[in-house]
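The values are calculated or read from the model by the stated rules, or taken from the named source; none is laboratory data. Predicted model only: the values in this text are computed from it and were never measured. Cβ: placed from backbone, ideal geometry, glycine included. Neighbour counts: every protein chain shown.
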Amino acid sequence: MKLVSSLASPFARKIRIAAIELGLFDRIDFVSPVKTIPTTENEDYARNINPLRKIPALILDDGTVIIDSYVIAEYLDELAGGKLIPASGLTKWRARTDHSILQGMLDALLLCRYEKLLRPGQFFWAEWADDQFKRAWDGLARYEAHPDVLTRPLDLVQISLVCVLGYLEFRFPDCGWRKTFPKLDAFHERMMQRDSVRTTLPPPA
Ligand SMILES: N[C@@H](CCC(=O)N[C@@H](CS)C(=O)NCC(=O)O)C(=O)O
C-alpha cells in the first residue's frame with residue numbers, strides 16, 4: 001500500500017507514528033508529496049485520489065483509496081489486530097470524541113497558518129486567525145486538565161495529541177505552550193522517548 005503524504009503534515013505524521021507502533025511501517029510505500037495547498041490547482045490528485053485535495057491518502061494494492069487520517073489509522077489498527085483504538089463500549093466513544101477534538105485543533109491551527117501564509121495581506125483577518133488559534137489553545141487546556149489521557153498505555157488519542165504539540169513547535173514556536181501547559185510538556189518529553197515519535201519529527205521549518 002502507498003501513503004500519499006508529506007513530512008511536514010501533522011495528519012500524515014499521525015499515520016507514520018501509528019504505522020511504526022503497529023509494526024506496519026515496512027508495508028507502506030511513502031509516496032513523495034503532492035502539492036496540496038489551498039488555491040493551488042491539482043487536477044490529477046482531485047480527480048484520482050481526493051476531491052478535497054488534502055493529504056494523507058492511503059492507496060491499497062487493489063486501488064482502494066482511504067481518506068482522512070483517522071480512517072487510515074483505523075484501517076491500519078484493524079490490520080494489526082486493534083492495538084491503538086478501543087474496539088467497543090464507552091471507551092471507544094470517548095476515544096473517538098477525543099480524536100475529533102484533536103483533529104479539530106489541528107484543523108484550526110492549519111486554518112490559522114493558511115490565513116497568515118496565504119491570504120493577501122490586505123485581507124488578513126486577525127480576529128479570525130486569533131479565534132482559530134484560541135480553539136486549539138482551549139483544546140490544550142482540556143488535556144492539561146485531564147492527565148488520565150496523558151498517562152494511560154499508548155493509544156491513537158495520545159499519538160494525535162503529540163502531533164498537535166509537534167505542529168505547535170514546528171509552526172508556532174513562540175506561542176509558549178510548554179510554560180502554560182506543564183503536564184503536556186512532560187507528556188511530550190515522555191512521548192519523545194519513543195522512536196516512532198522522534199523519527200517522525202517534521203523537517204526544520
Ligand atoms: N481531516 C483530514 C485533514 C487533512 C489536512 O488538512 N491536510 C492538510 C495538510 S497537513 C492539507 O492537505 N491541506 C491542503 C488544503 O487544505 O488545501 C485528515 O485528517 O486527513
key: Conditions (1) outside any helix (DSSP H, G or I); (2) touching a helix residue (DSSP H, G or I) at 6+ places or on another chain (Cβ under 9 Å); (3) more than 10 Å from the ligand (Cβ to nearest atom): number failed by GLY82   = (2)
Selection from region 60-85 of residues that are under 29 Å from ARG152 (Cβ atoms) and among the hydroxyl-bearing types (Ser, Thr, Tyr) = SER69, TYR70, TYR75
query = Among (1) of a type in the set (Ser, Thr, Tyr); (2) more than 11 Å from the ligand (Cβ to nearest atom); (3) part of a loop (DSSP other than H, G, I, E, B), which single condition is THR39 missing?
reply = (2)
query = Take the residues of region 49-63 that are more than 13 Å from ALA12 (Cβ to Cβ) and either β-branched (Val, Ile, Thr) or assigned by TED's automatic domain parsing to the domain that holds GLN103 (or both): which is surrounded by the most Cβ atoms within 10 Å (Cβ to Cβ)?
reply = ILE49
query = Within the group ARG16, ARG96, which residue is more than 9 Å from the ligand (Cβ to nearest atom), out of contact with any Ser or Thr (no Cβ under 7 Å at 6 or more places or on another chain) and among the basic types (Lys, Arg)?
reply = ARG96
